Amino acid sequence: MCVTSPNKGFTLIEIMIAVVLLGILSAALYGSYFTVLNARERASEGMEARRELGSTLDLIRREFAAAKFDGVDKRLRFIVEDRDNFGKPSSTLEMTTLVPATGTDRKESGISAVRYRLVEKDKQFILTRREQDIFFETADAKEYPQMERISDFLVECSNDGTKWVRSWDTAAALNNSLPKMVRVTMHVVEDGRPVEFYILANSRVNGI
């Protein structure tokens, strides 16, 4: 007597269909995983860039609030130069200001010439910062990267908050004083588009 089993198994076509469906599902899950991972990395980079930006703008605000000028000592100065990089603002900001002690053994007066400027490296712009003690450092100090992922850096000066100018020099007869306030504007690229950030800073200190 011949007994026929009710379990006939899977045909080759059924197995092939299952393999194709499994491949499609795996590809979808693989793509979704990396999409989420890339979005997470972009968000992390964006938050880091904003922290870096906030720190830089706050540093410039505090340094300008402590800027020093008396019209007599030529080492005390405030200069804003208006430059242009392919249609994008590229200000150079230089000022003499009070700076905190570093805690090292080198001689420090607490008064330094600080300069910010935009430089291009590998087709990207970097905001650099140079700090030099006006009493104890004679050789030119090095400049260091202050902020990356920046597209422009604009500094404007005003005495009344209504008329803003992009150039200032305390050595010039027209200026010969610190501006009452400055406006610093930066653009950073987030998700392929430029986003604007700015601060307003007021001058509080004069002379030594």
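Criterion first (open to solvent by less than 60 Å² (accessible area, probe 1.4 Å) and at pLDDT below 65) does residue 49 satisfy it? Judged against the criteria, residue 49 is not a match.
Taking the criterion of being within 19 Å of residue 89 (Cβ to Cβ) and open to solvent by 70 Å² or more (accessible area, probe 1.4 Å), the residues of segment 117-144 that qualify are 117, 120, 121, 123, 124. Residues in segment 134-174 that are in a loop (DSSP other than H, G, I, E, B) and on the phi > 0 side of the Ramachandran plot: 161 alone. Looking only at residues of segment 167-205 that are out of contact with any helix residue (DSSP H, G or I) (no Cβ under 8 Å at 6 or more places or on another chain), hydrophobic (A, V, I, L, M, F, W, C) and over 22 Å from residue 94 (Cβ atoms), we find that the one that is most open to solvent (accessible area, probe 1.4 Å) is 189. Looking across segment 63-122, the residues that are in contact (Cβ under 8 Å) with a residue 40 or more places away in the chain and in a loop (DSSP other than H, G, I, E, B) come down to 66, 68, 69, 70, 71, 73, 74, 75, 76, 77, 82, 91.
Of the set (1) at pLDDT 75 or above; (2) under 27 Å from the mean Cα position of the chain (by Cα), all apply to residue 103 but (1).
The values are calculated or read from the model by the stated rules, or taken from the named source; none is laboratory data. Quick caveat: nothing in here was measured; it's all calculated off a predicted structure. Methodologically, a virtual Cβ is constructed for each residue, glycine included, from the backbone with ideal geometry; neighbour enumeration extends over all protein chains shown. Protein only, heavy atoms only, side chains kept; ligands, DNA and RNA dropped before computing areas. Shrake-Rupley method; radii C 1.70, N 1.55, O 1.52, S 1.80 Å.
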